[in-house]
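The values are calculated or read from the model by the stated rules, or taken from the named source; none is laboratory data. Nothing here was measured: the structure is a model prediction, and the numbers come from that model. Cβ sites come from the backbone with ideal geometry, for glycine too, and all protein chains shown count toward neighbours.
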Amino acid sequence: MIQVQKITKSYQMGKTRLDVLRGLDLSVKKGQFVAIIGASGSGKSTLLHMLGALDRPDNGSIYYEKQNLKDLRWGKLNHYRNKEVGFVFQFYHLLDELTVLENVMAPAMASAGMLTWLSLKAAVRQRALDLLEQVGLKERLVHKPYELSGGERQRVAIARALINQPPLLLADEPTGNLDSRTGHGILEILKQLHNVGQTIVMVTHDERIAAQASRTIRLVDGKIQESALR
Amino acid sequence: MIKLLLAWRYFIRRPISILAVMAVTLCVFIVLVVMTVMNGLVRDFKQKNHDYAGDCVITSDSLVGFAYYEEFMDLLNQQPFVEAVSPVAKGVGLVHIKQFNWETGIEIHGIDPVLHSKATNFADTLHYQRKSPENVFQLPSNPQQVGCVTGIEVIPLGRRSSDGTYRYPPSPMQLELLISGFPLNMRGGLVRAGTDLVSTKSFTYCDDSHSELVKVDGAVVYVPLEQAQILCGMDSPVKRISSLNIRFTEATTVRSGVNQVRQLWQDYVAQNSDKPGADLFANVRVQSWQENRRSIIAPMEKEQMMMTMLFLMLGVITVFIVFVVMYMIISHKSKDIGILKSIGLPVSGILWLFQLFAVFIGLIGALMGSVSGWIFLYKINAIEDWLYEHYNWQLWDRTVYAIGDIPNHVEPDVLAVIIVSAVLACMIGAMVPGLQAARKKPVRVLQVNQL
């Protein structure tokens, strides 16, 4: 599904050049639940951002279903972000001006024009309600993100990431900002999604959380050191 | 769809957007009030000049005037597009009012009151003989005496009240005016009238003419055409006049009427070029009323243009305020921009989000400004009356300025232009911050917001 070939990424910090990724290769197959583990600054979030086309590698290529992301123009890139991947961030990143339901529907709204939306609205709303029921938030539809707990916000973020039924779910430290009990709940949701065939790439620094995934990849000094399929 | 929803939520949830709406409201209010009053003044002023001059004026640049006008009048009267033609003999003169022992310089206008009332709105400017201008130069008490009509400010009685209206006695005052003209021969030389270089005649005051044009009301004295011709030396060897005022039929536009008259005049001049005094035709021009009154109207139009330019600067301030507001909102909402990009909203979508936000500011502000401006204009004369009653304050001192009510008719096309301009100004103000927002890299924005 995803093929990463010799990607490099470096940042210029003043006069110092920081090489974050150094010729990284990776392959993710459909239906896998991959955990990328590594110390802070090892480049795992950078890798995830590149998989989600939020950033570009300096060198190398990322193929999604044999399509090089580098070749995608603006319209196709937006389509990729909107339809092919769903992103779950460590800090939830919900829109404070929208309600829980509207936040979940946001990706569907983003790709629809005014007229298209009129025909899609009912179906999208129903799917958003189903997703919110799935993550246990059906009673919080009209609440604003700032009225929710951290765990609830992350569940809204997961529902939002899934609204367009993306083949690939990318999660950047999804439990990193939560207590262990709440984090466990989020992990259970991810496992349930994996069980129904969702491909997931999750970044974490916690070995115990990574152990829940079907495959663990360790990132050291910008390269993959170990890959174990369980 | 999310653009519209978020733009509306930003608009109603951000207190700073109230500031921007207030700025637009105030700007639209001020521009609407000033433009309405200024446009109204200019429109009224133009209308008064149109009423005064008729649709078309054939006029001589020279005080000597031009001859052979009667044949041309006949020709004009045969034209289907001509409603009326009025010959006017003009000259400079002096008036001495015996009862006040008062002398002043005047413009002598010799007219046929019936023809002049048909070609211009002369009859409407009269007070006593408004309905029967044919009798305007006749005093019922003394039909033998030759009458005259004075511009309402010529006689120094201070009849103008603080509300701009004039006080009139029930019947015309018994006043005798000695009017002296400077008779000129066809070559422009002064003609000796007996032993004097001036020609003097006695007239009885019959009526006032209130055209609401300061220069006319303060200087013009109307006398019968043939009397003016004698006073100005235009009665011999061939009768001369200074101008022909023409009114066209309602179906005829001023432009087409003037063009037709111009053609007729050129042909007429060509046919009569061998007559004595035909050289005076060289000084004659056929003008529309706008061209004829250009020197009077142009300064006011320039003033209007200057005011418009000054108030356009208010629009620039609005653009700047919206720019600042958008800049502040975007700096507070950079996380949202990152989120929206991460869920696939294109660059144009981000730009449109902030443009829609600006449209809400512009539209709501413009509507509020329009409504408040309209209410203020609707009540502007009542407010001025109240201020005068309680604080003795007037926007224009009516004893000085020839202005009645403050014009307050809001023109729909002006209002539409102001509203559209306000919305466009807001969109321009939001353009640069919107572009900056659209160009933000999502990963950088989201990482910064994580810190």
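Taken over region A:158-171, residues that are of a type in the set (Gly, Ala, Ser) and part of a helix (DSSP H, G or I) amount to 2. Scanning region B:340-377 for residues that are under 17 Å from A:Gly75 (Cα atoms) and buried (at least 21 other Cβ atoms within 10 Å of the Cβ), we see that the one that is farthest from the other protein chains (Cβ to nearest Cβ) is B:Ile350.
Residues of region B:120-151 that are within 25 Å of the chain's Cα centre (by Cα) and acidic (Asp, Glu): B:Asp124 alone. Where helices (runs of 4 or more DSSP H) fall entirely within region A:69-156, those with at least 2 residues that are away from chain B (no Cβ under 14 Å) are at A:114-134. Taken over region B:152-189, the criterion of being under 26 Å from the mean Cα position of the chain (by Cα) and among the polar types (S, T, N, Q) is satisfied by B:Ser161, B:Ser162, B:Thr165.
Taking region B:1-102 as the region of interest, the helices (runs of 4 or more DSSP H) fully inside it that hold 3 or more residues being more than 14 Å from every other protein chain (Cβ to nearest Cβ) and among the charged types (D, E, K, R) are B:15-53, B:69-77. Taking every residue in region A:172-195 that is at positive phi and in a loop (DSSP other than H, G, I, E, B) and pairing it with any residue that is of a type in the set (Ser, Thr, Tyr) and surrounded by 21 or more Cβ atoms within 10 Å (Cβ to Cβ), at least 6 positions away or on another chain, the pairs with Cβ-Cβ distances below 8 Å are A:Glu173/A:Ser45; A:Glu173/A:Thr204. Examine region B:222-237 for a residue that is surrounded by 14 or more Cβ atoms within 10 Å (Cβ to Cβ), touching a helix residue (DSSP H, G or I) at 6+ places or on another chain (Cβ under 7 Å) and farther than 22 Å from B:Asn49 by Cα, and state whether such a residue exists. Scanning region B:222-237, I find at least one residue that is surrounded by 14 or more Cβ atoms within 10 Å (Cβ to Cβ), touching a helix residue (DSSP H, G or I) at 6+ places or on another chain (Cβ under 7 Å) and farther than 22 Å from B:Asn49 by Cα, so the answer is yes. Taking region A:159-207 as the range and being surrounded by 21 or more Cβ atoms within 10 Å (Cβ to Cβ) and of a type in the set (Gly, Ala, Ser) as the test, the residues that pass are A:Ala159, A:Ala161, A:Ala171, A:Gly183.
Hey, could you check region A:207-230 for residues that are assigned to a strand (DSSP E or B) and not hydrophobic (A, V, I, L, M, F, W, C) and say which is modelled with the lowest pLDDT? Working first, answer last.
Within region A:207-230, the first condition is being assigned to a strand (DSSP E or B), and the residues that meet it are A:215-220, A:223-229.
From the residues that got through so far, the ones that are not hydrophobic (A, V, I, L, M, F, W, C) too are A:215-216, A:218, A:223, A:225-227.
Working: A:Arg215: 90, A:Thr216: 90, A:Arg218: 89, A:Lys223: 83, A:Gln225: 75, A:Glu226: 57, A:Ser227: 53.
By that ranking, first place goes to A:Ser227.
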